[in-house]
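Asks: Pasting a structure below so you can have a look.
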Amino acid sequence: ALGVALVGLGIGNGLLDVAMNTAAVRVERHYPRQIMASFHAFFSFGGLGGAVAGTALAGIGVSARVHMTVGALVLFGAGMVASFGLLAERAEPAGIANGGTTPRWDRRLIGLALLVLCGLLCEGVPFDWSAVYIQSSLGGGAGVAAAGFAVFSLTMTISALLADRLVSRIGEVMFLRLAGLFSAVC
């Protein structure tokens, strides 16, 4: 049952991730400057808010079951309300999905794909496992584990808020090179 639930969670998270980024791309097309990283900052800000709430609720003894149930209901309601503010669907320019041409394969994409994979691993490990590590390996309580995740979310939020400005100053290629170098060094 746990395996089936985790597969469902993975599929749901993947679909949600694609949907959120697709909506963000559509909004960014109508905006005068690049704002994609700002969308990611708000996603991280949501993680930060959840971690702060988790820290506070664990500190006063609220059970995880009550916390998750109430949180799910509140977030479901907020998501439903927010969905009414999405941009109306319009016909998109011809692309692969609507009969456009297939992009040419470029060998350099392999390096870029590996860089993205490394970035996902570097982000995914603390995102998914930092609280578990703090509790099980370091002996921290649930509040400390949530606080550790909050610190991670804060750094993700700050870096994403700075990214759009940095890209506009130094350009996309230089930003990608510097971000890759910084990630490799860290």
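The values are calculated or read from the model by the stated rules, or taken from the named source; none is laboratory data. As the structure is a prediction and not an experimental result, all values here were calculated from the model. FYI the Cβ positions are ideal-geometry reconstructions off the backbone, even for glycines, and counts take in every protein chain you see. Heavy atoms of the whole protein, side chains included, go into the accessibility calculation; ligands, DNA and RNA do not. Shrake-Rupley method; radii C 1.70, N 1.55, O 1.52, S 1.80 Å.
Asks: Output the number of residues of region 62-86 satisfying the condition of being among the aromatic types (Phe, Trp, Tyr) and either within 24 Å of VAL151 (Cβ to Cβ) or surrounded by 11 or more Cβ atoms within 10 Å (Cβ to Cβ) (or both).
Replies: The total comes to 0.
Asks: Between residues in region 21-38 that are on the phi < 0 side of the Ramachandran plot and residues that are of a type in the set (Val, Ile, Thr), which pairs lie under 6 Å by C-beta distance while being six or more apart or on different chains?
Replies: From region 21-38, the pairs are GLU28/ILE35; GLN34/VAL167.
Asks: Here's another thing I want to ask about it. Can you name the residue in region 113-126 that is more than 18 Å from THR155 (Cα to Cα) and free of Cβ contacts under 8 Å to residues at least 24 places away in the same chain and is also least open to solvent (accessible area, probe 1.4 Å) among such residues?
Replies: If we take residues in region 113-126 being more than 18 Å from THR155 (Cα to Cα) and free of Cβ contacts under 8 Å to residues at least 24 places away in the same chain, then ALA113 is least open to solvent (accessible area, probe 1.4 Å).
Residue by residue, here is whether (1) closer than 26 Å to TYR31 by Cα; (2) at pLDDT 85 or above holds:
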| residue | (1), (2) |
| --- | --- |
| SER130 | no, yes |
| GLY140 | no, yes |
| PHE152 | no, yes |
| LEU162 | yes, yes |
| ARG165 | yes, yes |
| GLY171 | yes, yes |
| MET174 | yes, yes |
| CYS186 | no, no |
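Asks: Which residue out of ARG177, ARG165 is closer than 22 Å to LEU117 by Cα, surrounded by 12 or more Cβ atoms within 10 Å (Cβ to Cβ), over 17 Å from the mean Cα position of the chain (by Cα) and not hydrophobic (A, V, I, L, M, F, W, C)? Spell out how you get there, then give the answer.
Replies: Numbers: ARG165 fails: closer than 22 Å to LEU117 by Cα.
One residue alone meets the criteria, ARG177.
Asks: Taking the condition of a type in the set (Ser, Thr, Tyr), surrounded by 11 or more Cβ atoms within 10 Å (Cβ to Cβ) and modelled with pLDDT under 80, does SER136 pass? Steps first, please.
Replies: Details: of a type in the set (Ser, Thr, Tyr): yes; surrounded by 11 or more Cβ atoms within 10 Å (Cβ to Cβ): yes; modelled with pLDDT under 80: no.
When the stated conditions are applied, SER136 does not pass them.
Asks: Which residues, taken from region 27-61, are in a helix (DSSP H, G or I), of a type outside the set (A, V, I, L, M, F, W, C) and open to solvent by 50 Å² or more (accessible area, probe 1.4 Å)?
Replies: ARG29, HIS40, GLY59
Asks: Has region 60-73 got at least one residue that is at pLDDT below 85, within 22 Å of the chain's Cα centre (by Cα) and either among the small types (Gly, Ala, Ser) or at negative phi (or both)?
Replies: No, region 60-73 contains no residue that is at pLDDT below 85, within 22 Å of the chain's Cα centre (by Cα) and either among the small types (Gly, Ala, Ser) or at negative phi (or both).
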